[in-house]
Amino acid sequence: MPGSEETGSGPVIHDHRRIDPVTGQVRGKHAASKPAGTRGAGRPAAGPEAAGTQAGGTQAGGPAEDQPEDQHDKQEERDAAATQESPEEASEMVTGQVIKDGKQAADVATQLAERTADLQRLQAEYANYRKRVDRDRSAVQEQAIVKTLTGLIPVLDAINQAREHGELSGGFEKVADSLLAALGRLGLVTYGERGDPFDPKIHEALTYTDSPDVAEDTCVEIIFPGYKVGDRILRPAKVAVAAPATGPDGASNEAEWPDAEEGN
């Protein structure tokens, strides 16, 4: 019979299984040195090499899992004891960590304040830029309108003269009315009426006479109307002014010209 030997008491069977069926442990290379069914069968031989394997695990080149469980427990206890720290050391570590975290928090707060200030300054600069751009755009637009309307003032004077002489009729009258309406939408305002008090800021006196019918300088005739856009005068109204014949003290305002009388 292969794998067996004849003895005086019967056949001897050697167990070559890698795993011990009794202990469940991995057998060493001398596990089959004893016959099956005898004491110690299936266990590593008690020699120097086997002893070194059981004691050190890796001393004879065996894997670390061959060590007994009690040796694993002792190794873990030694590792735990080595990693344990005293309360003082733990407190110092916690304090150091707190200080480190506090410095980091202070640095973050400082950076946040700087970035916030930069953002606010940038936002203010952008707001000022937009206001300046809008103001410049409005000024350019107003300047263009003023320049255009100023160039059309002679045309408006011609239309007014044609209306006074009754020459504005038919299709030409409709064109003139449409033009005046369009200019009004651009902000053009016509001013100057007979009987308005004379104001040198908005009126230009072409003639000046004395009249007992007025109590102050008065526009008695509008020769050319004035035009303005908003508060900007495009052309002052050209008028004939009548002044009171007597002053506040009752004296005559008529001027005497002795040189002219002597010359006559």
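Annotations for the structure displayed:
- Residue count, region 3-20 (criterion: modelled with pLDDT under 75, open to solvent by less than 90 Å² (accessible area, probe 1.4 Å) and of a type in the set (D, E)): 1
- If you go through region 216-239 and keep only what is open to solvent by less than 10 Å² (accessible area, probe 1.4 Å) and either among the small types (G, A, S) or under 47 Å from the mean Cα position of the chain (by Cα) (or both), you end up with G226, Y227, A237.
- The residue of region 119-146 that is farthest from I233 (Cα to Cα), among those that are open to solvent by 70 Å² or more (accessible area, probe 1.4 Å) and among the polar types (S, T, N, Q), is Q120.
- Residue in region 191-204 that is at pLDDT 90 or above, among the β-branched types (V, I, T) and open to solvent by 70 Å² or more (accessible area, probe 1.4 Å) present: no
- Filter pass, G171 being open to solvent by less than 60 Å² (accessible area, probe 1.4 Å), assigned to a helix (DSSP H, G or I), free of Cβ contacts under 8 Å to residues at least 24 places away in the same chain and farther than 29 Å from G230 by Cα: yes
The values are calculated or read from the model by the stated rules, or taken from the named source; none is laboratory data. All of these numbers come straight from a predicted model, not from anything done at the bench. Glycine gets a Cβ as well: all are built from the backbone with ideal geometry, and neighbour counts include every protein chain shown. Just the protein is used for accessible areas: all its heavy atoms, side chains included, with ligands, DNA and RNA removed. Shrake-Rupley method; radii C 1.70, N 1.55, O 1.52, S 1.80 Å.
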